[in-house]
Ligand SMILES: *Cc1c(COP(=O)(O)O)cnc(C)c1O
């Protein structure tokens, strides 16, 4: 089976991990800070907090921004469930902003309309989470302008988008957001096995996420409630978690980061070649705005005859050993969210996209011959 996404592990990655296993620190050692500094350098953000998953990073980001009971978080329905669940962990309400039918990202127009109505009802969100679907940046300048007008915070879910750029700057520099979150799961652009990170330019948000990553414990006496008992003292000043990433994972992450640009340019080349090979087929290829340089986490096409055709094509390709996939089942249609009262038609664009989308395999390990096989199989399946 040709997988839709897959990690690239080379000897340097293996050596880096093995060296760490032989070192004094398996966790809470020097490689965590080195990995965080390397992400700061790459994304040109002031602070990075590395954690054990993007899901944890989203949770910490929400807590650091003060999300709690009675608050609202809005995100896109065309995402992995984690982009919405982070609000539920904090006891907050979730709502979904429908997608743009061309980019499949959160529609800025739909967001503006929804904000206008929410303001009249006194139900504005505290946080909006735009998701850079497939590694294509959202319209961050416009979303940022709306945040100024309506007073919400922004967490960019850039789980698909490390190595991507927006207006000639790296995603993760937080020029238009409070916090950006990355995932290092093996299907994403670079991997640490499991892992994630939050970047920010606000030192208070960074410090708070660091503390919450490790139980809410501090060794900073300035934050102590009363004097410490001695040099051994630490205090738990709030309720935190164990969301730490290990030095073993960071060794892999540091090694992978060196090849990030190479991975993205290979993905870019494969996407360009898909564009050409598919040009005469009756499908709609992915499009992106001129001001974004995508990381091409996913290459998603839509078929023109809807659900039944999508199922036929999907089954035929899986039968032929091609690991096509579907991204995403709209989050608001998941049974958990249905029980909270959401209806499929709450986001009609996300529904209509979902019924016809297919993700073709795309990762740096795919060669030109495999890509031709994928396209030939697709062509037959469409007939
Ligand atoms: C993968 C993914 C996540 C969750 O990442 P983990 O590191 O697996 O927790 C969150 N949001 C999006 C959009 C993702 O694709």
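Since every read-out is calculated from the coordinates, none of them should be taken as a lab result. Since this is a predicted model, take the numbers as computed values, not measurements. Here Cβ is always computed from backbone atoms with ideal geometry, including for glycine, and neighbour counts include all displayed protein chains.
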List the residue pairs whose Cβ atoms are under 6 Å apart, where the first residue sits in the stretch 275-288 and is farther than 18 Å from residue 309 by Cα, the second is surrounded by 15 or more Cβ atoms within 10 Å (Cβ to Cβ), and the two are 6 or more positions apart or on different chains. 275/285; 277/375; 286/300; 288/136; 288/294
Could you list all residues from the stretch 132-142 that are in contact with a strand residue (DSSP E or B) (Cβ under 9 Å, 6 or more places away or on another chain) and more than 16 Å from the ligand (Cβ to nearest atom)? 139, 141
Among the numbered criteria (1) touching a strand residue (DSSP E or B) at 6+ places or on another chain (Cβ under 8 Å); (2) over 26 Å from residue 114 (Cα atoms), which single criterion is violated by residue 129? (2)
Any idea which of 189, 154, 127 is within 16 Å of the ligand (Cβ to nearest atom), touching a helix residue (DSSP H, G or I) at 6+ places or on another chain (Cβ under 9 Å), over 30 Å from residue 252 (Cα atoms) and in contact (Cβ under 8 Å) with a residue 24 or more places away in the chain? 127
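Can you tell me which residue among 54, 84, 110 is away from the ligand (no atom under 16 Å from the Cβ) and closer than 22 Å to residue 298 by Cβ? I'd like the intermediate steps shown before the answer.
Numbers: 54 fails: away from the ligand (no atom under 16 Å from the Cβ); 84 fails: away from the ligand (no atom under 16 Å from the Cβ).
Of 54, 84, 110, the one residue that is away from the ligand (no atom under 16 Å from the Cβ) and closer than 22 Å to residue 298 by Cβ is 110.
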